[in-house]
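A.B. asks: Here it is: the structure, laid out below.
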Amino acid sequence: MDTTTDTAEAISHPTTDHEASAPVRSQPLQRPFHGRMLAGVAAGVADYLGVDVTIVRIVLAVLTIMGGAGVPIYLAGWLLIPDEGAEQSLASELIQSLSSRPR
C-alpha cells in the first residue's frame, strides 16, 4: 500500500464540508408566474434558494418593519430579476430601449 499516493491525492483534491453540502442550483433566478402575491420576487428567491416562500416573505416583512430595507430590496428584485421565460429583466429592457432610442 502506497501512502504517498493517497496523501498526494488528498492534498491535490481536498473536499471541504461546504463543497459536499452545497446545493446544486440548476434553475436560474427568475420571477415565476406560480406562487406570486405581487411581482413574484419572494417566490423566485425561494425557488432559487430551495426554501419555502413563507420564509422569504417573513424575512422581507421583518426587514421592512425593522428599518424599511425590505421595500427597496423588493423593488430592486422586481427590476433586476427577469420574469419566468423572459431573457432580460425590466431594468435591462429599459436601459436597452433608452440606449437604442434616436437622439
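A.B. asks: Is it true that some residue in region 2-24 is of a type in the set (S, T, N, Q) and modelled with pLDDT of 85 or more?
C.D. replies: So far as region 2-24 goes, no, none of its residues is of a type in the set (S, T, N, Q) and modelled with pLDDT of 85 or more.
A.B. asks: Let me ask you something else. What are the pairs, 6+ residues apart or on separate chains, where a residue within region 47-73 that is among the charged types (D, E, K, R) has its Cβ under 8 Å from a residue that is part of a loop (DSSP other than H, G, I, E, B) and surrounded by fewer than 12 Cβ atoms within 10 Å (Cβ to Cβ)?
C.D. replies: Asp47/Gln27; Arg57/Met37
The values are calculated or read from the model by the stated rules, or taken from the named source; none is laboratory data. On a predicted model such as this, the values are computed, not experimentally measured, just so you know. So basically every Cβ, Gly included, is an ideal-geometry build from the backbone, and we count neighbours across all protein chains shown.
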